[in-house]
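Single-structure report; data block below.
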Amino acid sequence: MKPQTTPELKSSRRQLSTPVAIVLSSFFVSAAILFADDISLGNLDVQGVQTDNVLNQGTPGTTPTPQQPQGKVEVSVDDDPMLGNKDAKVTIVEFSDFQCPFCKRLFDTTYPNLKKDYIDTGKVKLVYRDFPLDFHQNAHISAESAECADEQGKFWPYHDTLFAKQDEWGTLADADAKTKFVTYASSLGLNSGTFKSCLDSGKYKAEVDKDLTDGKAIGVTGTPTLVVNGTVIVGAQPYETFKAAIDAEL
């Protein structure tokens, strides 16, 4: 015989179901918020952000997630490496970190089309400025190594090599990373002895620090951050985002 449900039992079940529903509802709302936060950080390495997002590969900090700046900013190109026609109508200043996975994503997916359509055609010049994030153990020394390559006129080939081979050197101990950098320099035809002496001396540490300071002065907190004729574009955005910003300036 099927057991009978008494009015008292029905009432008890109703009373229990209400708090359970509230708990479940709160859980799903919290999960949605966390998921949204993950997405917002999914194309940017942020300096000092408190997050467990595995995509960011960073040490927890305290700074809130940066927002896209409003309006235009003024940024110096300093004496940093430039690619393209020096008289181009549009200047892109990129603040980047060679160990940042999202900078590599930008390099892999967006940079080739930007170079082909705008830089190689003389419409845009690209200036690379360093913004090494403190939770990337080899970010600063890799930036210094690129300056040493620039000293011998090979910044851009070396730049491409660092991003292409990021998985090889990113997690190495300092001495092993330097050895890799010397190997890359030699493979590009640089004088490896001169390059190694430059790197070991810390000759360009102050230059890299200056880029970092200049970036912070205009509100850069994560990489990649690019400034297109004063308009700031944050994160590894798709080619179409940059195309729209560049075309508006041409």
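Derivation of every value follows stated rules applied to the coordinates shown; laboratory data play no part. Note that the structure is predicted; figures quoted are calculated from it, not measured. Every residue, glycine among them, receives a Cβ derived from its backbone with ideal geometry; neighbour counts consider all protein chains shown.
Comparing Cα centroids, the range 213-237 and the range 137-199 end up 24 angstrom apart. When the charge dipole of the range 82-249 is built from unit charges on Cβ atoms (+1 for Lys and Arg, -1 for Asp and Glu) and taken about the Cα centre, the candidate among Pro101, Ser192, Tyr239 whose Cα reaches farthest toward its positive end is Tyr239. Highest mean packing comes first when the peptides 81-88, 207-214 are listed by Cβ atoms within 10 Å, giving 207-214, 81-88.
For Asp80, nonlocal amide neighbours, meaning residues 5 or more places apart or on other chains whose placed amide H falls under 5 Å from its own, do not occur. Could you pull out the pairs from Lys72/Lys196; Lys72/Lys178; Lys196/Lys243; Lys116/Lys154; Lys86/Lys165; Lys89/Lys180 whose alpha carbons sit more than 31 Å apart here? Those over the limit are Lys72/Lys196; Lys72/Lys178; Lys196/Lys243; Lys89/Lys180.
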